[in-house]
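Peer 1: Structure in C-alpha cells, see below.
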Number of protein chains: 2
Amino acid sequence: MTEFIPPGTRWIDLPSPFPMKRGGELQGARIAYETWGTLNAARDNAVLVAPGLSPNAHMAANSANPDAGWWEPMVGPGKPIDTDRWYVVCTNPLGSCKGSTGPASIDPATGTPYRFSFPELSIEDGADAIAHVVRELGIGQLACLVGNSMGGMVALAMLIRHPGIARTHINISGAARALPWSIAIRSLQREAIRLDPNFNGGDYNDEHYPESGMRMARKLGVITYRSALEWDGRFGRVRLDSDRSDDEPFGLEFQVESYLEAHARRFVRQYDPNCYLYLSRSMDWFDLGDHCAQRGTDSRAHTRAGLAAIHIERALAIGAETDILFPLQQQQEIADGLREGGADAQCLPMPSPQGHDAFLVDFDRYGPAVRGFLDTL
Amino acid sequence: MTEFIPPGTRWIDLPSPFPMKRGGELQGARIAYETWGTLNAARDNAVLVAPGLSPNAHMAANSANPDAGWWEPMVGPGKPIDTDRWYVVCTNPLGSCKGSTGPASIDPATGTPYRFSFPELSIEDGADAIAHVVRELGIGQLACLVGNSMGGMVALAMLIRHPGIARTHINISGAARALPWSIAIRSLQREAIRLDPNFNGGDYNDEHYPESGMRMARKLGVITYRSALEWDGRFGRVRLDSDRSDDEPFGLEFQVESYLEAHARRFVRQYDPNCYLYLSRSMDWFDLGDHCAQRGTDSRAHTRAGLAAIHIERALAIGAETDILFPLQQQQEIADGLREGGADAQCLPMPSPQGHDAFLVDFDRYGPAVRGFLDTL
C-alpha cells in the first residue's frame, strides 16, 4: 500500500509502546502528516485538520508536493484556511493505509502485516495520536481544531481527553456519537467485505483480493454520502450508450450505475480492506458520553453530558441539510452541547444538495463559513 | 414458493397470450387477488389497492382468511378504507412469487420455472394486468385507485394506459419516475444477489440458494425504507447481551445489527430472488413521461407531461418527510402534475419518522388521511 502515500509526507513517531483504549498496544507506530504555512514565535497560530476515513494527509498543494490535494480550494494563501496567517497541519488517521500505522502496516514483532492482529482501534486512539503530534510539533495550543466527518468524532475525543489542546473548534459533518442508522449502513459495508470469499478472514493478497466485497462497500458508501436531490440534477434518467452498457442480464444500464461502478473500481485497490474495517468499526463504537462517569438510560442526555464536559472558547458546527449519514441534528447536538460547556457555539445548517460529502465539493458555501469563523479569531 | 400464497387467495386468468410491453408474451398467466365488502348494483363502489413489491394480496382479514393482513388497521368495517361502504380489491403484482404469475412460476411451454426466461417485466405490464382484473370483476369504474410505493407507479401507469378506469386516486409514497439515487440503491441490491455464487445466473435451488446475497439486499432495503431519526429513538446505541453477540471479528454487536439480521433472515427464503430482480428492475425503468410522444432534455418536464396527460376527478398524494427512497418531492410532483391534467389534486406531507415505510406503521396519520379523502367521495 506504500504506493498510495503521497510524496512529501512526513512522520512523527508515537510513544512506543502506544497503549490502545480497548486493550493492547502498538510498537513503533507513527502518524503521517503534512504542513502549510509557518508556526509563529508565540506558537499560537496552528490550525489542525482531522480528516474523514479515507483521505491521506495531502489536503492541499505545498512546497513538498505541488499536486492538488483533496481540500485544495479550502487551504492555501488567501484561501478560507489562510496559510499566510495560519500554520496548518493535516494528519492521516491512525489505522489508515495512507501513511499512518494501521492493520496493513508491518508488525515489528513478526515482520509481517498486522491484519487482524492489529489491536482493536477506537476513535480515542486516533485522538491520542494526534494530540501527541501537536505536542511534538511544538504547538502550545491549537488556535483551531477542525474535524471533518470521522475527523469530527476524533476532534471531539481530543477535546475531552486533552483539555486545553485547542482554543476553538470547527466540526464539519461530524457527530458526538454513532447513530444506529449509520451503524447499520457501516455494518452492511463490512459484511459485504467479510462475505467476499477472497477476504479470507483478512488474509488476502493482491492476487486473491476481496474486490467485489470492497466494490459493494464503496458503492454503498458513495450512495449514502450523497442525496437523491443532487443525483436527480446530476444524472437524471440518462442511459448509457449501447456500447457502454452491460450485455449480461441485469447489467449496467443507467449512467448513475456506471458512475458508481467506475468510482468503486478506482477505490477498491487504493484502500486496504482491513484498514477499512477497523476504521469503520471505530466510528460505530464512538459515543462521547462514554467519557462521563454516569450513564443514564437516555442516550441523548448521555452524549450531551460528554459535550458539556468540553471547555473551549468558541465552536462552529456545520452540517448539510441533505446529509443522511451524519444528519444535521447531530451537528445541532454538538453546538448545543458545547454551549452547555461554556463555549460560544453555533450550528450552521447548509442547504447544500450534496449530502454528507458537501464539504468536499460545495466550496461556495463551506469556504465562507470556515473563513468567517477563522477571521474573527 | 406456493407455501407463501395465503389461503383464501383467488385468481383471475389474464388473456392468453398476454403481450408484454418490452417484448414477448405470457401464456396462461394469472393474477392473485382478494376482496372485502360487496360490489353494489351500480358497480361504482370499488376501491382497488395496488401494493408495493413484496406484499401478497392478503391486505386484511376477510371471510376467506381471518388472519390479520399487512394493512389490517386500514381496511375493514368502519376502518379508513371502510368495507361496509366500499368493495375493496387487492391484487398481488404480476412478477411476484406470492400468487400472481412471475419468474418463479412454471412456464407451461417447458413445465419448469421461467427463471431468466421470463420476459422483461415493466410497471406497465403490471398495470395492464390489474386493468384486466378490474374488467373481469365487473367493476364499471373504480371509485378510487390506491397505490402504495411500487403500487403507486403501477397505479399511475393504469391511469394513463386505461383512461376512465378510476374516478379518483390516492398515491402513497409513490413516484411518477424512478430517481437515480433510488436506482443506485436497487442496482446495488440486485448486484448483491447476482454476485452470490449460489445465484448461478438465476438457476438456484433450495440447497444452493443465494442466501447471503438476498440477506444483503434485504438489509439494504430495510435500511433505506426507514430513517435515522426513527432508529435513534428505537434502537439508540443499545448493545446485544454478550451471549447473543457474535464472537467472530467484526460480528454483530449492536441491537440494530441484530434486528436487521433477523429481519433479513426471515425474508430471504420467503421471496424468490428472480422475482425480486425482475420487480426491482421494473421500477428503475419506470418513467410516466415515456407515455408522451415528445421527449425533451428536461427529465422533470418529461415526467410532468405524463402526469398532465392523466385525467381524473380528484387525487391525493401522500408522502413521508423522512422518505429517502421515494422522497416527498416525488409525491408533490404527482399532485402538481395531476392538477395540470385537471384533477383536484393535493399533496399531503406527513411528519412521520418512519421513512418510506411510514404508511405500513404510522396508522395514526395515514388512517385519517385516507379516510378523509374517501369519505368525501
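Peer 1: Does segment B:96-214 classify as rounded, prolate or oblate by the C-alpha gyration tensor (a ≥ b ≥ c root eigenvalues; a/c under 1.5 gives rounded; else a/b over b/c gives prolate, otherwise oblate)?
Peer 2: On the way: a/c = 3.03, a/b = 1.59, b/c = 1.91.
Note, shape of segment B:96-214 comes out oblate.
Peer 1: Here is a further query. Cβ under 12 Å from A:Arg115's Cβ, A:Arg115 left aside: what net charge do those residues give with Lys, Arg +1 and Asp, Glu -1?
Peer 2: Details: positive: none; negative: A:Asp107, A:Asp203, A:Asp272.
Once all neighbours under 12 Å are counted, the net charge is -3.
Peer 1: Name the residues of segment B:163-187 whose accessible area falls by at least 10 Å² when all protein chains are present instead of the chain alone, probe 1.4 Å?
Peer 2: Residues of segment B:163-187 that lose at least 10 Å² of accessible area once the other chains are added: B:Arg177, B:Ala178, B:Leu179, B:Pro180, B:Trp181, B:Ile183, B:Ala184, B:Ile185, B:Ser187.
Peer 1: What's the local net charge at A:Asp364, with K and R +1, D and E -1, over the other residues with C-beta under 14 Å away?
Peer 2: Working: positive: A:Lys79, A:Arg365, A:Arg371; negative: A:Asp362.
That sum, taken over residues with Cβ under 14 Å, equals +2.
Peer 1: Continuing with this model, one more query. For segment B:183-280, max minus min Cα coordinate along each principal axis, in Å, sorted largest first?
Peer 2: Cα spread of segment B:183-280 along its principal axes, largest to smallest: 40, 30, 21 Å.
Peer 1: For chain A, what is the accessible area per residue in Å² when the probe is 1.4 Å?
Peer 2: Values: 13410 Å² over 377 residues.
Value returned for chain A: 36 Å² of accessible area per residue.
Peer 1: Report in % the part of the accessible area of the protein assembly as shown that belongs to carbon and sulfur, leaving out ligands and nucleic acids; probe 1.4 Å.
Peer 2: Accessible surface attributable to carbon and sulfur in the protein assembly as shown totals 48 percent.
Peer 1: At 0.36 nm per residue, and after removing the present C-alpha to C-alpha distance, how many nm does the segment from A:Asp241 to A:Phe4 gain when stretched out fully?
Peer 2: Details: separation 237, 0.36 × 237 = 85.32 nm, distance 3.32 nm.
Additional length available on full extension: 82.0 nm.
Peer 1: State, to one decimal in nm and shortest first, how far the label point of A:Gln270 sits from each corresponding label point in the other identical copies (label point: 7 angstrom along Cα-to-Cβ).
Peer 2: Ordered by distance, the counterparts are at 4.3 nm.
Peer 1: How much mean residue ellipticity at 222 nm does chain B get from its helices, if each DSSP H run of length 4 or more adds -39500 (n - 2.57) and you divide by all residues, to the nearest 500 deg cm²/dmol? Numbers along the way, then the final one.
Peer 2: On the way: 11 runs with 131 residues, N = 377.
Roughly -11000 deg cm²/dmol at 222 nm, from the helical runs in chain B.
Peer 1: So, counting K/R as plus one and D/E as minus one, what does the shell of residues with Cβ under 9 Å around B:Trp181 add up to? List each step's numbers first, then the result.
Peer 2: On the way: positive: A:Arg226; negative: A:Glu230, A:Asp232.
Here the count lands on -1.
Peer 1: Need one number: % antiparallel among DSSP beta bridges in chain B, to the nearest 5. Walk me through the numbers before you get to the answer.
Peer 2: On the way: 15 of 42 bridges.
Percent antiparallel among DSSP bridges in chain B is about 35.
Peer 1: Please work out the Cα center distance from segment B:74-144 to segment B:227-284, rounded to the nearest Å.
Peer 2: 29
Peer 1: Over the Cα atoms of segment A:228-337, what radius of gyration and what Dmax do you get, in Å?
Peer 2: 20.9, 62
Peer 1: Which Cys residues of the protein assembly as shown have no other Cys beta carbon under 4.7 Å away?
Peer 2: By the Cβ distance rule, which asks for a partner under 4.7 Å, the isolated cysteines are A:Cys90, A:Cys144, A:Cys292, A:Cys347, B:Cys90, B:Cys144, B:Cys292, B:Cys347.
Peer 1: Tell me whether segment A:337-377 comes out rounded, prolate or oblate; compute the Cα gyration tensor, take square roots of the eigenvalues as a ≥ b ≥ c, and use a/c under 1.5 as the rounded threshold. Mind dumping the intermediate values first?
Peer 2: Values: a/c = 3.34, a/b = 1.59, b/c = 2.10.
It comes out oblate by the Cα gyration axes.
Peer 1: May I pose another question? Only Cα pairs within less than 10 Å get springs; with that Gaussian network setup on chain B, which residue of B:Asn274, B:Asn171, B:Asn65 has the largest fluctuation?
Peer 2: Of B:Asn274, B:Asn171, B:Asn65, the Gaussian network model singles out B:Asn65 as fluctuating most.
Peer 1: Still on this structure: log10 I(q)/I(0), Debye, Cα-only segment A:1-147, no solvent, q = 0.17, 0.22 Å⁻¹?
Peer 2: -0.92, -1.39
Peer 1: Sticking with the crude label model, points 7 Å out along Cα→Cβ, report the distance from B:Asp67 to A:Ala293 in nm, one decimal please.
Peer 2: Taking the two extended label points, one gets 5.5 nm.
Peer 1: Would you please put A:93-106, B:155-168 in order of how densely packed they are, using the mean number of other Cβ atoms within 10 angstrom per residue and starting with the highest? Can you show the working numbers first?
Peer 2: Working: A:93-106: 26.1, B:155-168: 22.8.
For the peptides A:93-106, B:155-168, the packing ranking is A:93-106, B:155-168.
Peer 1: Which chain B residue sits with its beta carbon nearest the axis carrying B onto A, and how many Å away is it, rounded to a whole number?
Peer 2: Closest Cβ on chain B to the axis mapping it onto A, in Å: B:Ile324, 3.
Peer 1: Determine the dipole magnitude for the protein assembly as shown: charges of +1 sit on the beta-carbon of Lys and Arg, -1 on that of Asp and Glu, nothing else is charged, the reference point is the Cα centre, and the result goes in debye to the nearest 20.
Peer 2: Details: 70 positive and 94 negative charges, 164 e Å.
Using Cβ point charges on Lys, Arg, Asp and Glu, the protein assembly as shown gives about 780 debye.
Peer 1: How high is the FRET efficiency between B:Glu261 and A:Ile106 when r is their beta carbon distance and R₀ equals 56 Å, given to the nearest 0.05? Present the calculation step by step, with values, prior to reporting the outcome.
Peer 2: Working: r = 35 Å, r/R0 = 0.63.
Step by step, r from the Cβ atoms, then E = 0.95.
Peer 1: What are the label-to-label distances in nm, one decimal and shortest first, from B:Thr110 to the same spot in the other copies, with labels 7 Å along Cα to Cβ?
Peer 2: 4.9
Peer 1: So, one more: As a test of the definition: with a 1.4 Å probe, what buried accessible area, both sides summed, do you compute for A against B, in Å² to the nearest 100? Numbers along the way, then the final one.
Peer 2: Numbers: alone 15840 and 15810 Å², together 26810 Å².
Buried surface at the A/B interface: approximately 4800 Å².
Peer 1: Pop a pseudo-label 7 angstrom from the Cα along the beta-carbon direction at both A:Glu136 and B:Trp11 and give the gap in nm to one decimal.
Peer 2: 7.3
Peer 1: Right, here's the next one. Label-point separation (nm) for B:Arg22 and A:Asp203, each offset 7 Å from Cα along Cα-to-Cβ?
Peer 2: 4.4
Peer 1: How long, wide and thick is chain A, going by the Cα atoms along their three principal axes, in whole angstroms, largest first?
Peer 2: Cα spread of chain A along its principal axes, largest to smallest: 63, 52, 51 Å.
Peer 1: Kindly give the distances from B:Asp364 to its copy-mates, label point to label point, with each label point 7 Å from Cα along Cα→Cβ, as nm values to one decimal ordered shortest first.
Peer 2: So the label point of B:Asp364 gives 4.2 nm to the other copies.
Peer 1: Grab the eigenvalues of the alpha-carbon gyration tensor for the protein assembly as shown, scale each by 5, take roots, and send me the semi-axes largest first in whole angstrom. Mind showing how you got there, number by number?
Peer 2: On the way: eigenvalues 513, 150, 111 Å².
Three semi-axes, in Å: 51, 27, 24.
Peer 1: Still on this structure, I have one more. Given Cβ point charges of +1 (Lys, Arg) and -1 (Asp, Glu) and nothing else, what value in debye, to the nearest 20, does the dipole of segment B:120-237 about its Cα centre take? Mind showing how you got there, number by number?
Peer 2: Values: 13 positive and 13 negative charges, 123 e Å.
Dipole of segment B:120-237, to the nearest 20 debye: 600 debye.
The values are calculated or read from the model by the stated rules, or taken from the named source; none is laboratory data. Treat the numbers as computed from the prediction; the structure is a model and nothing was measured. For neighbour counting, all protein chains shown are included, and Cβ atoms are generated from backbone atoms with ideal geometry for every residue, glycine included. Please note that ligands, DNA and RNA were not included when accessible areas were found on the heavy atoms of the full protein model with its side chains. Shrake-Rupley method; radii C 1.70, N 1.55, O 1.52, S 1.80 Å.
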